[in-house]
Each structure stands twice: as structure tokens, then as C-alpha cells.
1. Regarding the stretch 402-420, can at least one residue be identified that is more than 26 Å from the chain's Cα centre (by Cα), surrounded by fewer than 19 Cβ atoms within 10 Å (Cβ to Cβ) and more than 15 Å from the ligand (Cβ to nearest atom)?
2. Of everything in the stretch 167-195, what is touching a residue at least 60 places away in the same chain (Cβ under 8 Å), within 16 Å of the ligand (Cβ to nearest atom) and over 19 Å from the mean Cα position of the chain (by Cα)? Give them in sequence order.
3. LEU327: more than 9 Å from the ligand (Cβ to nearest atom), buried (at least 23 other Cβ atoms within 10 Å of the Cβ), of a type in the set (A, V, I, L, M) and touching a residue at least 24 places away in the same chain (Cβ under 8 Å), yes or no?
4. Residues to consider are LYS430, LYS423; find the one that is within 13 Å of the ligand (Cβ to nearest atom), basic (Lys, Arg) and over 26 Å from VAL174 (Cβ atoms).
5. Restricting attention to helices (runs of 4 or more DSSP H) lying wholly within the stretch 129-236, give those where 3 or more residues are touching a helix residue (DSSP H, G or I) at 6+ places or on another chain (Cβ under 7 Å) and buried (at least 21 other Cβ atoms within 10 Å of the Cβ).
6. If you scan the stretch 134-153, which residues turn out to be among the hydroxyl-bearing types (Ser, Thr, Tyr) and within 14 Å of the ligand (Cβ to nearest atom)?
7. When you go through ASP464, ASP446 one by one, which is the residue that is more than 25 Å from ILE188 (Cα to Cα), in contact with a strand residue (DSSP E or B) (Cβ under 9 Å, 6 or more places away or on another chain), more than 16 Å from the ligand (Cβ to nearest atom) and among the charged types (D, E, K, R)?
8. With the requirement that a residue be part of a loop (DSSP other than H, G, I, E, B), over 16 Å from ASN381 (Cα atoms) and within 9 Å of the ligand (Cβ to nearest atom), what does the stretch 335-364 give you?
Amino acid sequence: MNTVLQINLVIVFILLALYILRSLQTLYISIKNHVKLQKLPGPPRYGIIKGNVPYLGDSPEVLFQQLRQAAKEFYPVYRFYVAHKISVHLVTHQDCELVMSNPIHNEKGYVYKMTHKWLKFGLLTSFGQKWQIRRKILTPAFHFNILQGFVSVFNEQTEQLIDALKDESKKSYVEINSLITQFTLKTITETAMGTKFNFQRKNERNYEKALHDMGKIFYHKFTHPWCIEEIGNFLFSPFFFEERKNTKTMHQFSKEVIQEKEKTFNDEEATEEHSVYKGKKRRAMLDLLLSAKKNESAIDDDGIQEEVVTFMFEGHDTTAAALSFMLMLLANNENVQESLRLYPSVYFISRILGEDLRLTNGYLLPKSTNVFIHIYDVHRNPDVYPDPERFDPDRFLPENCQNRHPYAYLPFSAGPRNCIGQKFAILELKAAVCAILSNFVLEPIDTQENIKLVADIVLRTKEDIKIKFIPRF
Ligand code: HEM
């Protein structure tokens, strides 16, 4: 045997041994954690393969309801087996604070793996040092001064939305979701991406459809976790090729946005146009990323692409959901404040514990536990919000919230990994709601009672929300 072959064999052997050792270590940790966590309350198990999956029902709608049921039945904390994967679910603000406020638990839970092919490792899904560097680069893009510059775009896009709604208002009701999505998609492109890109309506529809189809795939993977890993996905998922097609559509869409921006990008202009605040350069998001690539090499083309897909998604789908629910509530109640409590667009998040964590009721969760934080259920805790399903904006009067726990209201998450686009979203929502209310009287078609919520990536209804728009003039 020649020496090169021998060396290669030794390398292969070492790599294989390392892989086996790593797998054994993971297995050991996972068995050790299982033993500790199985003492927690939770639904009955239906064997090793199924775990608690039968408890979750057979549709996204039932899954959503069952999660609410579990939150009540096993309050304040329960464990859940989806096949071999065990996770711990938190529904009180006290326990949520323990996880969210400590940067050691900064890694996202296994469900985010479902989005890795699509969102890669952008700000939402990355962790550790990479997340820290990106958060530092991107934070100035959401500074007050930059957001102020976006108000004219919000207004312009709102006017277009009003025109579209006026056309639709001749009908007995409007299914609002698609119109609202167009609005938030254009807004994020013209503000954070800084490009007046005229999408072909066909491409926009393809993107929208691909994103919605990902919700169906998300549900499938959640209930069939062996499809989360690529190999299991290829072997067992009926959606493998559909997921690839959707991912390609969404990547193509964000590539076009980057290409359009690159045509006009000028580092010097970007600096001047968005002014200088206390000597610091302030730029819109994509300007900032392109500058970072050009000047400091802190990010490359792939890095820019993963942030653009992340922000295109997180920056429009969340606000579209929020605005749709807000309009439905306005049509029924003529008030707005607590819409995000009742309908938080991001209704759960998930983390992996970076160290052991003792919950408020004394349970000790071991390091590496997958923890789900159910924002939807935290917002419906009757101890904090009496008669929680009731729409009552007075809950947010200063005197009523001054003693409320800061982690009892979490639509934008909290702690170091909170939503970077929170102020952006509030500004955009306010601009849209004010303009819509001054142009239309809204009459209810759908109500809180008749809509059906489904388990999706963001909070959605089974059918589009319907509202009647009556022009004021
Ligand atoms: C009503 C609208 C919105 C809601 C309810 C919302 C909610 C949230 C929540 C709950 C998180 C935490 C996610 C997690 O821990 O997994 C988050 C993170 C994030 N949001 Fe938002 N968001 C909204 C709008 C926006 C907008 C407009 C943008 C961008 C312009 C944005 C960009 C992001 C990003 C990039 C992250 C990840 C931050 C990090 O991990 O450092 N969001 N959002």
C-alpha cells in the first residue's frame, strides 16, 4: 500500500471515529435528558415512534387547538414527545423570562431547522458569535433616524393600499390577506432593502404562494420530525421536491432585490443620504450590508443573501398577519390597542438551553433541553389578563399596565434576542391603520368566534379574513 493511500485511510478512520464519538455523546446527553424530563407532566405517549403525535390531531387547525388545550391541562409546564424528540413547553411569563433574559440560552430550538434551507443562518436562525456580529452590523439600520426616513414610504404604500381597497369595496366583503401582504412586501423592499423594485405581479404571487405552502410543510415536519434532517426529508417526506421548489422561488426573489440594489448602490451616497447621527454613519439595511461587504469584509455575498431572505420574510409576513387581525378587531370593536396580545403574529418561539435551568416551580431542566415559549398562551393567562379572550383595550391604559410583569406581553419577544424590527413594525402598522380608518368604515364579516387559527410559521387563519370596507367619501 503506498503512503498517500495509508495517510488517507488514517484520516478517514479518525474522522469516522470522531463522528461516532460525537454521535454517542449526543445520544448519551439525549438519554440522560429524557430520563430527567419524563418526570414532567404531559399528554400520554403512544409508543416510541408516535410519541404524543396522536394528541396533536390530524390538521394544522386541530394542532393549534391541542397546544392551547395542553397549556391549560398541564399548566404551568409540560413535556412533549414528537416521536423521539422531547421538548419542554413554557406558558408563564416568569419561566419565559428565565429563558429569554439570559444570553446563554441564545441558540434557537430544533424547529428552526425546518427553515435552514430557506432562511439559512440569518439573524433569526443563527446563534453564538455569528449572531452577535450580525446583530451589531444590523442594529443601526433600525435607528430612530433611519425609521423617520421611512415614513414617506409607509404613507405612499398606504395610499396604494387605500386605492386597491376602494376598488374592492364595491364587493360585499374583501378577503384582505393578499392585499395586505402586497402592501407589507412592497414596504419592506422600499425601506430596509432601499430599492424601488417593481415586482412583476406574477413573481410576487409566486413568492406569496411559496411562503404559504411552506406553512403546510412546516406542519408536516412538526408532526414527522424525522423529516427535519435532510436525509429523512428526502427518504420520507412527500413534500421534499415541493420544498425545494418553494425555496428556489423565495431565493430567486431576494436575489432579484439584491441585484436591483447593487445596480444603484453607492457607498458614499448611502452615507450622506441617510444622514450622520452623532458622528456615526446611519444607512438603510441593505446599504449597510453592501458597505460592510465592500469596506470591512465582515460579510460576503452568501451572508447578504441570508439576511435578505430573513428580513424579506420576517419583515413582511409578521406585519401582514398583525395588520389583518388588527383590521378584523377594528371592524368588530372600533379600537386597536390589544390586537397583538390576542393575535401575536409570532405565537411561539423556541430555544435550546445553554445551561441547566431551574423553573419557578422547582423543576430542573438540564442543559440542551429544547424549550418552547408559547407567547399565545402567556398572553391568555387569566391571572394576568382576566377574561382573556375578551377584547379590552383598557388593559393597556398606563394605570392598568404599570404593575404588569414585563414578560407578560411578548409580541416582539424580549431580552437580547428581541425583534430588531419592532419599532419599524409599529410605525408601519400605525401608518396603515390611521389611513384605512380615515378612509373607510369597517364592518365585521369575520369575528373572533368564527375564525379558525392554524399552526403555521406565523399566526394565520384557515380561511382569509373577510371585512366589509365602506368608503367614508
Ligand atoms: C408585527 C410585526 C412583528 C412581530 C409580531 C415580530 C415578532 C418577532 C418575534 C417574537 C421575534 C423573536 C423570534 C425568535 O426568538 O425566534 C422576532 C425576531 C426578529 N424580527 Fe420581528 N416581528 C415583527 C416585525 C418585524 C419586522 C418589520 C422586521 C424587519 C424589518 C423583523 C425582523 C426580525 C428579525 C430579523 C428577528 C430576529 C432577531 C434576532 O434574533 O436577533 N420583525 N420578531
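1. yes
2. Once the filter is applied, which keeps residues that are touching a residue at least 60 places away in the same chain (Cβ under 8 Å), within 16 Å of the ligand (Cβ to nearest atom) and over 19 Å from the mean Cα position of the chain (by Cα), the stretch 167-195 yields ILE176, THR191, GLY194, THR195.
3. Yes: the conditions hold for LEU327.
4. On the way: LYS430 fails: over 26 Å from VAL174 (Cβ atoms).
None of the others qualify; the one that does is LYS423.
5. Helices (runs of 4 or more DSSP H) meeting the threshold: 144-168, 177-190, 201-223.
6. Passing the criteria: only THR139.
7. After ruling out the rest, the residue left standing is ASP446.
8. Those that are part of a loop (DSSP other than H, G, I, E, B), over 16 Å from ASN381 (Cα atoms) and within 9 Å of the ligand (Cβ to nearest atom): SER345, VAL346.
The values are calculated or read from the model by the stated rules, or taken from the named source; none is laboratory data. Computed from a predicted model, the values in this text were never measured in an experiment. Note: ideal-geometry Cβ built from the backbone for every residue, glycine included; neighbour counts use all protein chains shown.
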